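Just so it is clear, none of the values below were taken in a lab; they were calculated from the coordinates. Quick caveat, the model's predicted, so the values are computed rather than measured. Please note: Cβ atoms are built from the backbone with ideal geometry, for glycine as well, and neighbour counts cover all protein chains shown.
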Amino acid sequence: MKINKKIIEELTGYLKEFGLSEIEYAEGTTKVKVSRSVNVASSISPSEAKKKQEIIESSGKNITSPIVGTAYLAAEPGGKKFVEVGQKIKKGQTIMIVEAMKTMNHIPSTQDGTVSKILVKDGEPIEFGQPLISVE
């Protein structure tokens, strides 16, 4: 089997052009899959990271993510958010959904209180242990 380098180069160009982490191409019995590692941390400037850390440290008690994934503040796009700032929540109440490996995981509150800050944006990639909301 002869590898067509031109296809690989084109696909690699598309990864960069469209900001993709993976692309697959098939023609007949030939399949080519090209992927790259995307460093999310580099997209945040040092001043933004410091500002975000200050907000997290100055807040009340934080509820953190038990998994890595993508945070969703509502069950569906444009839907009612699970929690809002100023809302009273109870331990076990769903505060958001984190999608990991195409599975929607409901994240429960680990404590009672009032939501003082929502520390993530809808659709934002999150890490294990990252603060999601602050509760007073």
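Annotations for the structure displayed:
- Subtracting the Cα-Cα distance of Leu15 and Thr94 from their residue separation scaled by 0.36 nm leaves 24.9 nm.
- Each residue of segment 79-91 is assigned a 3J(HN,Hα), and the resulting list reads x, 5, 5, 5, 9, 10, 4, x, 7, 7, 10, 10, 4 Hz, derived from the Karplus form 6.51 cos²θ - 1.76 cosθ + 1.60 (θ = phi - 60°), x at Gly and Pro.
- Sequentially through segment 101-112, phi angles give Karplus couplings (6.51, -1.76, 1.60; θ = phi - 60°) of 6, 6, 10, 8, 9, 6, 9, x, 5, 9, 7, 7 Hz, Gly and Pro residues having no value and appearing as x.
- Full extension of the chain between Lys81 and Ile67 gives 3.0 nm of extra length, using 0.36 nm per residue less the Cα-Cα distance.
- Counting neighbouring Cβ atoms within 10 Å and putting the fewest first, the residues Ser116, Ser109 line up as Ser116, Ser109.
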